[in-house]
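Colleague: I'd like to ask some things about the structure below.
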């Protein structure tokens, strides 16, 4: 009974020893290698960190779970997937690559990385050695160089298109505005010509009679009275004798009338009237009321005496009609 108990205890001890020996053998049969492609780089450069595990095919391993950094200031840019490659000797090679960078100068240490290994029913850990590398700054360039002017980028159609569209829109709106104004407010001639339906003497006599009835000299409008009076006479002279009396002085009007059918007595009457009107308008002469009233009467007499008579009109028309006939007869 005692021997049997001792025998079982011995079997248990042997089993425990075999388990630990197998675990150590399996763990020792898995190798881990962590390496950098360089131990010195410029600030901001990317360094390649390789993690390689060499193991028997049946063994299971788990790579370290890495995220954004590997310690102080060492940033992980990219983590590749685990590549698998089987050797001819029945072993398997697992590899993973990381891109890391540092944005400051100095010496930095990549800490030891742990790889978990399944040995039997339990997991064991293999740890790598820390790696030291240096980050240096860019060498200073002390060469003096000329300052280059700014490069002009070519103008693309996308940049010009809004301006072209805006100019076309402004042109269209301007055209529409001009068209609307022309349509709504049609341009009218500056000078309108009235068809004369009344003889010059009839028009002048009617206006003079109206001026005589109004008697503006009694309302202390003497200057305005003579302005209206001479205006009526000048307009009559233009219509009757075809003289530009509205733009001429008194002397010019009297000289022009000498070559017309106006009698000398009528010219003397007109001369006294126009010269008195000039004195009132320009020399501030103020005639008495009787003299003012006489001037419109003299103007009426001048128009009546110098008006073209109906007999003169008939005689002139007959002469114009028979003149070609006499010429033909002579021929």
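The values are calculated or read from the model by the stated rules, or taken from the named source; none is laboratory data. Remember, predicted model here, so these are calculated numbers, not experimental data. With ideal geometry, Cβ positions are generated from the backbone for all residues, glycine too; neighbour counts draw on all protein chains shown.
Colleague: Working only within the range 69-92, note down all residues that are more than 18 Å from residue 135 (Cβ to Cβ) and under 56 Å from the mean Cα position of the chain (by Cα). Before the answer, list the steps.
Modeller: Filtering the range 69-92 for residues more than 18 Å from residue 135 (Cβ to Cβ) gives 78-92.
Residues satisfying the conditions are 78, 79, 80, 81.
Colleague: Continuing with this model, one more query. Check whether at least one residue in the range 121-129 is in a strand (DSSP E or B), more than 15 Å from residue 32 (Cα to Cα) and in contact with a helix residue (DSSP H, G or I) (Cβ under 9 Å, 6 or more places away or on another chain), and report yes or no.
Modeller: Yes, the range 121-129 has at least one match.
Colleague: Same structure, new question: Checking the conditions here, which among 237, 232, 243 is in a loop (DSSP other than H, G, I, E, B) and in the same structural domain as residue 302 (by TED's automatic domain parsing)? Let's see the steps before the verdict.
Modeller: On the way: 237 fails: in a loop (DSSP other than H, G, I, E, B); 232 fails: in a loop (DSSP other than H, G, I, E, B).
Exactly one residue qualifies, and that residue is 243.
Colleague: It is to be established whether one or more residues within the range 92-113 are touching a strand residue (DSSP E or B) at 6+ places or on another chain (Cβ under 7 Å), over 23 Å from residue 139 (Cβ atoms) and assigned to a loop (DSSP other than H, G, I, E, B).
Modeller: The answer is yes; a qualifying residue exists.
Colleague: Here's something else I'd like to know. Considering 271, 259, 265, 327, which residue is at pLDDT below 90 and more than 15 Å from residue 223 (Cβ to Cβ)?
Modeller: Values: 271 fails: at pLDDT below 90; 259 fails: at pLDDT below 90; 265 fails: at pLDDT below 90.
Result of the check over 271, 259, 265, 327: 327.
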